[in-house]
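Participant: Please read through the structure below; I'll follow up with questions.
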Number of protein chains: 2
Amino acid sequence: MRCKRCRSKPVVLKLPRHHTALCADCFDHYVIDQVGRAIRHYRMFRREEPVLVAVSGGKDSLGLWDLLDRMGYRTTGVHVQQGIDGYSRDSETTTRAFAEARRLPLVVHDLAREYGGGVTAMAEASRRSACSACGTVKRYAFNTIGRELGFHVVATGHNLDDEAARLLGNLLHWQVDYLSKQSPALPSSHAKLVRKVKPLFRLTEREMAAYAVLRKIEYVIDECPMSHDANSLQYKAALNQLEQHSPGTKQFFYLEFLRRQPLAGVGAAAEEVVLNECVRCGEPTTGTLCGHCRVVEPLRQARPAETVRQHEGPPAASVAPMVVDWDS
Amino acid sequence: MRCKRCRSKPVVLKLPRHHTALCADCFDHYVIDQVGRAIRHYRMFRREEPVLVAVSGGKDSLGLWDLLDRMGYRTTGVHVQQGIDGYSRDSETTTRAFAEARRLPLVVHDLAREYGGGVTAMAEASRRSACSACGTVKRYAFNTIGRELGFHVVATGHNLDDEAARLLGNLLHWQVDYLSKQSPALPSSHAKLVRKVKPLFRLTEREMAAYAVLRKIEYVIDECPMSHDANSLQYKAALNQLEQHSPGTKQFFYLEFLRRQPLAGVGAAAEEVVLNECVRCGEPTTGTLCGHCRVVEPLRQARPAETVRQHEGPPAASVAPMVVDWDS
């Protein structure tokens, strides 16, 4: 089959929701175009503004970093080493290799070195699910590291499938308070909070996988071993089933939701939420002790990080000049 | 396994969303209790009020009729013969047999005798989907027949799966105007419109199938042959998948939606929609020609019903004294 855009080269991917099928070159053009539209529409960042890219080592975040770099943005990666057996070491190695090969600056933040244990230990000590503990600590890390390094914006690799699944979950449970946080661009609502943007929200998981393959990006294929039962995977499966029957369902569901929300672009008025400073760490929180401290304090009390650092020493992976270990 | 309620008889059905498993007697008690709660909470009808029950011949509508009769309500059935090859004749025969065996009054309305053709012909002539044409004509029939026979309320067999699937479809397409019509009890908004109620909205499809089997109700098992690709079946499948992973999802999704809507009980103020009278048939409509007339007029013009009646003669099925053929 020939590409429906250039009508000459062979098709690499069908895009049923756009009623098209594209060759490698036209698909590449399409991906860059979708990311460009996302950035411009939500004024995610300006051309010269340095962007901190949260990278896990998966196809989405490495694909995003690759795209922003190709599009000429000044990017730095930040990787959180979660301390999950096997998986996290692979993720760190893959991320470091990506950064080194392209000479892109990368900050690695090792949870076990900082707190005396990884996500699994934190989840156990704080009696949370691993996904909840991980999300809380990662968001905290991206914000504090970003701010301390002088970034005003952090970009994450959330794609259309992620956002549609999250929206479905929020609606199934009528968590309407969360809906306003579902914008691809969350403005800073406090001097200590950096903006959060999701430039891949117009692209599906399948498209990002194809992009990574076509760009020969080495990425960690395995899903996180802690997430095999995560609700988000169930919502994605349900939406994929509906998408197969009726292409475009997922995109309409999320993009029409956004169209009906007031444009929550950068610079828009922040929500009227009173933010205090956490009594433990001083970071913004709606309560007195922030979510991050509620997750990490039980572990810190059980296993002081200093002891662990002493035993563990520096990470095994070689550190390129461009890679900074945040915790050493 | 022993019933979790009476702790003596063997379990016939597990109800994971209620964390229970019941024997035949306790399940029967549970079903009647759920229907009673639905009727009372939405004040669907009073004890002495005659209720017209829309019956297709499937497990839900025959189960509903059986339940209301057992609970002591004064019921009359109304069956629309859609003229779909094989399926509709089976449905009519099954419904008549149910009514005759219990000496319950039944009105049969034959679309082909009234309009010169069944749902398939109507859909073709009006260029609608069969499901859309069928729904429009059935709702019209239930209302006009109900009103002409002096009923103030029509009950349909929509269950929790039907309502949750409809809600999901409306949210996936952001048809927010339809959300207010998703109440299990729609008050009359015009002198010519009867109330519509759904006493089974707290019970799942699986529970209604079990009820029909336990009550030895002979019902048409096949889904309508026109609906095999219907979106509603896709939404149901997606919700069932989520329900299996997380029991209670479906119930919370729909019941919490209702809890957040203002109680649209009978007697509540009707919505502010201006209703005109259809220029063709005089029934209430928001436009000038009602949906029913838009569906049936193209067919009526092509095949006058009188001609067809003459050729067809009375239906083959025997007519019990309690059964009225609406169109003869």
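The values are calculated or read from the model by the stated rules, or taken from the named source; none is laboratory data. This structure is a prediction, so every number in the text was calculated from the model and none was measured. Positions of Cβ are backbone-derived with ideal geometry, glycine not excepted, and every protein chain shown enters the neighbour counts.
Participant: Pairs, please: C-beta under 8 Å, at least 6 apart or cross-chain, first residue closer than 8 Å to B:Ala212 by Cβ and modelled with pLDDT under 95 and in region B:58-71, second of a type in the set (Asp, Glu) and not in a helix (DSSP H, G or I)?
Facilitator: none
Participant: Can you name the helices (runs of 4 or more DSSP H) wholly within region B:1-105 that have at least 2 residues being exposed (fewer than 15 other Cβ atoms within 10 Å of the Cβ)?
Facilitator: In region B:1-105, B:24-41, B:87-102 are the helices (runs of 4 or more DSSP H) which contain 2 or more residues that are exposed (fewer than 15 other Cβ atoms within 10 Å of the Cβ).
Participant: Identify the residue in region B:172-186 that is buried (at least 21 other Cβ atoms within 10 Å of the Cβ) and out of contact with any strand residue (DSSP E or B) (no Cβ under 6 Å at 6 or more places or on another chain) and, among all such residues, is nearest to the other protein chains (Cβ to nearest Cβ). Let's see the steps before the verdict.
Facilitator: Going through region B:172-186, the residues buried (at least 21 other Cβ atoms within 10 Å of the Cβ) turn out to be B:172, B:183-186.
When the remaining residues are screened for being out of contact with any strand residue (DSSP E or B) (no Cβ under 6 Å at 6 or more places or on another chain), the result is B:172, B:183-184.
Working: B:Leu172: 5, B:Ser183: 16, B:Pro184: 17 Å.
Looking at the filtered set, the residue picked out is B:Leu172.
Participant: Kindly check whether there is at least one residue in region B:116-123 that is within 15 Å of B:Gly83 (Cβ to Cβ), among the polar types (S, T, N, Q) and surrounded by fewer than 23 Cβ atoms within 10 Å (Cβ to Cβ).
Facilitator: yes
Participant: Go over the candidates B:Ser232, B:Ser183 one by one and state the one that is modelled with pLDDT under 95, polar (S, T, N, Q), in contact with a helix residue (DSSP H, G or I) (Cβ under 9 Å, 6 or more places away or on another chain) and closer than 27 Å to B:Arg74 by Cα.
Facilitator: B:Ser183 is the lone residue from the list that is modelled with pLDDT under 95, polar (S, T, N, Q), in contact with a helix residue (DSSP H, G or I) (Cβ under 9 Å, 6 or more places away or on another chain) and closer than 27 Å to B:Arg74 by Cα.
Participant: Just one of the numbered conditions (1) in contact with a strand residue (DSSP E or B) (Cβ under 9 Å, 6 or more places away or on another chain); (2) more than 21 Å from A:Trp65 (Cβ to Cβ); (3) not β-branched (Val, Ile, Thr) is not true of A:Leu104; which one?
Facilitator: If we test A:Leu104 against (1) in contact with a strand residue (DSSP E or B) (Cβ under 9 Å, 6 or more places away or on another chain); (2) more than 21 Å from A:Trp65 (Cβ to Cβ); (3) not β-branched (Val, Ile, Thr), just (2) comes out false.
Participant: Now for a different question. Out of the residues in region B:244-254 that are at the interface with another protein chain (Cβ under 10 Å from one of its Cβ atoms) and over 18 Å from B:Leu172 (Cα atoms), which is surrounded by the fewest Cβ atoms within 10 Å (Cβ to Cβ)?
Facilitator: Top of the filtered list is B:Gln244.
Participant: Another question, then. Looking at B:Ala112, B:Ala99, B:Ala133, B:Ala123, which is the one that is of a type in the set (A, V, I, L, M), touching a Gly at 6+ places or on another chain (Cβ under 8 Å) and closer than 17 Å to B:Met226 by Cβ?
Facilitator: B:Ala112
Participant: Touching a residue at least 60 places away in the same chain (Cβ under 8 Å) and either closer than 25 Å to A:Val154 by Cα or outside any loop (DSSP other than H, G, I, E, B) (or both), is that true of A:Leu242?
Facilitator: So A:Leu242 does not fit the description; no.
Participant: Pairs needed: first member in region B:213-226, assigned to a loop (DSSP other than H, G, I, E, B); second member anywhere, surrounded by fewer than 15 Cβ atoms within 10 Å (Cβ to Cβ) and of a type in the set (Lys, Arg); C-beta distance under 9 Å; at least 6 residues apart or different chains.
Facilitator: Correct list of pairs: B:Arg215/B:Arg70.
Participant: With the condition kept exactly as written, say whether any residue in region B:112-131 is under 19 Å from the mean Cα position of the chain (by Cα), assigned to a helix (DSSP H, G or I) and closer than 30 Å to B:Gln251 by Cα.
Facilitator: Among the residues of region B:112-131, at least one is under 19 Å from the mean Cα position of the chain (by Cα), assigned to a helix (DSSP H, G or I) and closer than 30 Å to B:Gln251 by Cα, which makes the answer yes.
Participant: Would you check which residues across region B:219-232 are facing another protein chain (nearest Cβ under 9 Å) and exposed (fewer than 14 other Cβ atoms within 10 Å of the Cβ) and list them?
Facilitator: Once the filter is applied, which keeps residues that are facing another protein chain (nearest Cβ under 9 Å) and exposed (fewer than 14 other Cβ atoms within 10 Å of the Cβ), region B:219-232 yields only B:Asp229.
Participant: Shifting gears a bit: Considering region B:141-158 alone, what residues qualify as being assigned to a helix (DSSP H, G or I) and surrounded by fewer than 20 Cβ atoms within 10 Å (Cβ to Cβ)?
Facilitator: Result: B:Thr144, B:Arg147, B:Glu148.
Participant: If I ask for residues that are out of contact with any Phe, Trp or Tyr (no Cβ under 9 Å at 6 or more places or on another chain), more than 22 Å from B:Ser129 (Cβ to Cβ) and polar (S, T, N, Q), which ones from region B:57-94 would you list?
Facilitator: Matches in region B:57-94: B:Thr93 only.
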